[in-house]
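Visitor: Input: one structure, supplied below.
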Amino acid sequence: MSWRIVYVTQCERLSLYLDNLLIVKDNVEYKIPLKDIGTIVVEDYKATFTMKILNKFIEHNILLITCDEKHNPYGVINSLGHHSRQYKIVSNQIKWKDFEKDILWKEIVKNKLRNQLKIMKLLDCNEKLLDKIKQYIETVEVGDATNREGIGAGVYFRAIYGDEFKRKVNISVQNSALNYGYAVLTSKVAKIIAGKGLLNYIGIHHKNEYNRFNLACDVVEVFRPIVDYYVAKHLKEASYFAKEDRIELLNLMNSKILYQGRKEFLTNCIEKYVEAIINYFENGEEIESKIPTLEGLEFYEL
């Protein structure tokens, strides 16, 4: 498995040398085998790329995330569709039935709430708030018609960040870190979805006409609490979103969780989860037990 995350803050050029990524910085060359790389994040606004290396990233299915001048993820490089059965897969995706989507969304919301409950327990949150989340889990309806996800989120975020915290206000270190972590995680999910031949803009529950990543936003929901936990644990009182924190948030993709009875790297888990979703719609396979929980969450130490 390609697991290495390459984080580039200052460089002059990224190019190809044999089958390696060549990074040039201050006239010093660094070579990294492409087969070892899973993700590359480039923060240097002045860095240049050769066309050869960009095509190699696509060939090796490497996720390339480019950032803006404020270090926020800004762009993702994806292929135009290299799957051998692209037309058939997309044709099937378009035919996914709405009532099956609503059933799946119900289970996604329940597991997202379970994962949020897990994080609240890890952070020793108030028992009454834990009971509220448990109640929401038991009352999720098909399609989440009563919006247990949104109501639960209000309780959850105030429980782990304090009563004054507002998720939609992007002026705090915590919100900046959450946005960064979510963006990186969603980009990884989107890359895996595209690799399966699916279209990211055709979602299960998310149907925003301006969102190119509706399906990725659906799939990523159950994994978001991993980001929440890191930010609550390490940045709750922070006054500055440092480079070291961005690196740690990137490193969350090397986390492990217990999935289908086995400890899996997060990337492997996402891939198997997407395959389970495809099999649910196309073959009628059971999906409830295949939606990931955060049992056995284990962070990779840098």
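The values are calculated or read from the model by the stated rules, or taken from the named source; none is laboratory data. All of these numbers come straight from a predicted model, not from anything done at the bench. Cβ coordinates were reconstructed from backbone atoms using ideal geometry, including for glycine residues, and neighbour counts include every protein chain displayed. Each accessible area value is taken on the protein alone, full model and side chains, heavy atoms only, with ligands, DNA and RNA left out. Shrake-Rupley method; radii C 1.70, N 1.55, O 1.52, S 1.80 Å.
Visitor: Could you check, for region 144-156, whether at least one of its residues is surrounded by 22 or more Cβ atoms within 10 Å (Cβ to Cβ), within 21 Å of the chain's Cα centre (by Cα) and hydrophobic (A, V, I, L, M, F, W, C)?
Guide: No, that holds for no residue.
Visitor: Ok, one more. Answer yes if at least one residue in region 88-105 is small (Gly, Ala, Ser), open to solvent by 20 Å² or more (accessible area, probe 1.4 Å) and modelled with pLDDT of 90 or more, and no otherwise. First the steps, then the outcome.
Guide: Taking region 88-105 as the starting set, the residues that turn out to be small (Gly, Ala, Ser) are 91.
Now narrow it down to the ones that are open to solvent by 20 Å² or more (accessible area, probe 1.4 Å): 91.
Still in the running and modelled with pLDDT of 90 or more: 91.
There is at least one residue in region 88-105 that is small (Gly, Ala, Ser), open to solvent by 20 Å² or more (accessible area, probe 1.4 Å) and modelled with pLDDT of 90 or more.
Visitor: Go through (1) modelled with pLDDT under 95; (2) open to solvent by less than 30 Å² (accessible area, probe 1.4 Å) and name the single condition Gly261 misses.
Guide: Answer for Gly261: the failing condition is (2).
Visitor: What are the residues in region 1-26 that are touching a residue at least 40 places away in the same chain (Cβ under 8 Å) and surrounded by 14 or more Cβ atoms within 10 Å (Cβ to Cβ), if any? Show your work before the answer.
Guide: First pass over region 1-26, keeping only residues touching a residue at least 40 places away in the same chain (Cβ under 8 Å): 1-3, 5, 7, 9, 16.
Once the filter is applied, which keeps residues that are touching a residue at least 40 places away in the same chain (Cβ under 8 Å) and surrounded by 14 or more Cβ atoms within 10 Å (Cβ to Cβ), region 1-26 yields Ser2, Trp3, Ile5, Tyr7, Thr9, Leu16.
Visitor: So, one more: Can you tell which of Arg246, Arg262 is basic (Lys, Arg) and under 16 Å from Tyr182 (Cα atoms)?
Guide: Arg246
Visitor: Give me the pairs, please: first residue somewhere in region 284-299 and touching a residue at least 12 places away in the same chain (Cβ under 8 Å), second residue anywhere and open to solvent by 70 Å² or more (accessible area, probe 1.4 Å) and of a type in the set (Lys, Arg), beta-carbon distance under 6 Å, and either six or more positions apart or on two chains.
Guide: Thr293/Arg114
Visitor: Can you pull out every residue in region 27-40 that is at pLDDT 90 or above and touching a Ser or Thr at 6+ places or on another chain (Cβ under 8 Å)?
Guide: Within region 27-40, the subset at pLDDT 90 or above is 28-37, 39-40.
Across region 27-40, the qualifying residues are Lys35, Asp36, Ile37.
Visitor: Please tell me if Lys272 is open to solvent by 70 Å² or more (accessible area, probe 1.4 Å), of a type outside the set (S, T, N, Q), part of a helix (DSSP H, G or I) and free of Cβ contacts under 8 Å to residues at least 24 places away in the same chain.
Guide: Yes, satisfied.
Visitor: Residue check, Tyr182 against (1) modelled with pLDDT of 95 or more; (2) farther than 22 Å from Phe213 by Cβ, all met but one. Which one?
Guide: Tyr182 satisfies every listed condition except (2).
Visitor: Which residue pairs have Cβ atoms under 7 Å apart, sit 6 or more places apart or on different chains, and have a first residue in region 170-181 that is aliphatic (A, V, I, L, M) and a second that is part of a loop (DSSP other than H, G, I, E, B)?
Guide: Pairs found: Val173/Leu235; Val173/Ala238; Val173/Ser239; Val173/Tyr240; Val173/Phe241; Ala177/Leu235; Ala177/Phe241.
Visitor: Checking the condition open to solvent by 20 Å² or more (accessible area, probe 1.4 Å), of a type in the set (Asp, Glu) and closer than 23 Å to Leu117 by Cα, which residue from Glu164, Glu244, Glu221, Glu209 passes?
Guide: Values: Glu244 fails: closer than 23 Å to Leu117 by Cα; Glu221 fails: open to solvent by 20 Å² or more (accessible area, probe 1.4 Å); Glu209 fails: closer than 23 Å to Leu117 by Cα.
After applying the criteria, what remains is Glu164.
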